[in-house]
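Accompanying notes for the structure given below.
The values are calculated or read from the model by the stated rules, or taken from the named source; none is laboratory data. Since we're looking at a predicted model, the values are computed, not measured. Every residue, glycine as well, gets a Cβ built from its backbone with ideal geometry; the counts of neighbours run over all protein chains shown.
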Amino acid sequence: MEGQLSLEMETNQNRPCTAWNLSVLYHETDTSDETGDLAHTFCPRDIVKSYSLPWRLGTVLLRLRAMTRTLPEYVLRWRSQSVFANTRVSGPTTTPKQSAACHSARATYKFLSALSLLVLVVNC
């Protein structure tokens, strides 16, 4: 079974990226803070941004960096799609069939010093 995680971030604040931002990081278990390479960065001036992460990536970290007195306001939506081997078209494809769905997903928070991390774990 294969899966893909899609994220959508949205805010109504029109602030510079230095005021606050959300970073999507790959999860790596062999580092001390479990953060890997940067995948995407969402800035408030983007207003709405959608990201589709690579296939078979079941866990990502979201890091909120805020350097402002005004609290960041944002909405985070995620969707995980699973495709079973017998429903996939041969050759390269960019998205799975819409009828495919993930079995479960959970979100947990971790706090590391001044950073806030949200860990999305998708069990597909």
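General remarks:
- If only residues of region 49-72 that are under 11 Å from the mean Cα position of the chain (by Cα), in a strand (DSSP E or B) and of a type in the set (Gly, Ala, Ser) are counted, the one that is surrounded by the fewest Cβ atoms within 10 Å (Cβ to Cβ) is 50.
- The one condition from (1) at pLDDT 90 or above; (2) surrounded by fewer than 17 Cβ atoms within 10 Å (Cβ to Cβ) that residue 29 does not meet is (1).
- For the criterion of being at pLDDT below 90 and either surrounded by fewer than 17 Cβ atoms within 10 Å (Cβ to Cβ) or in contact with a strand residue (DSSP E or B) (Cβ under 8 Å, 6 or more places away or on another chain) (or both), residue 89 passes.
- Close Cβ contacts (under 7 Å, 6 or more residues apart or on different chains) running from residues in region 12-24 that are assigned to a loop (DSSP other than H, G, I, E, B) and of a type in the set (Phe, Trp, Tyr) to residues that are modelled with pLDDT of 90 or more and surrounded by fewer than 21 Cβ atoms within 10 Å (Cβ to Cβ) are absent.
Residue-wise test of (1) at pLDDT 80 or above; (2) closer than 16 Å to residue 3 by Cα; (3) among the charged types (D, E, K, R).
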site: 15; (1), (2), (3): yes, no, yes
site: 21; (1), (2), (3): yes, no, no
site: 38; (1), (2), (3): yes, no, no
site: 48; (1), (2), (3): yes, no, no
site: 52; (1), (2), (3): yes, yes, no
site: 59; (1), (2), (3): no, yes, no
site: 65; (1), (2), (3): yes, no, yes
site: 77; (1), (2), (3): yes, no, yes
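- Cβ-Cβ under 9 Å pairs, at least 6 apart or on other chains, region 51-71 side charged (D, E, K, R), far side surrounded by 16 or more Cβ atoms within 10 Å (Cβ to Cβ) and assigned to a loop (DSSP other than H, G, I, E, B): 56/124
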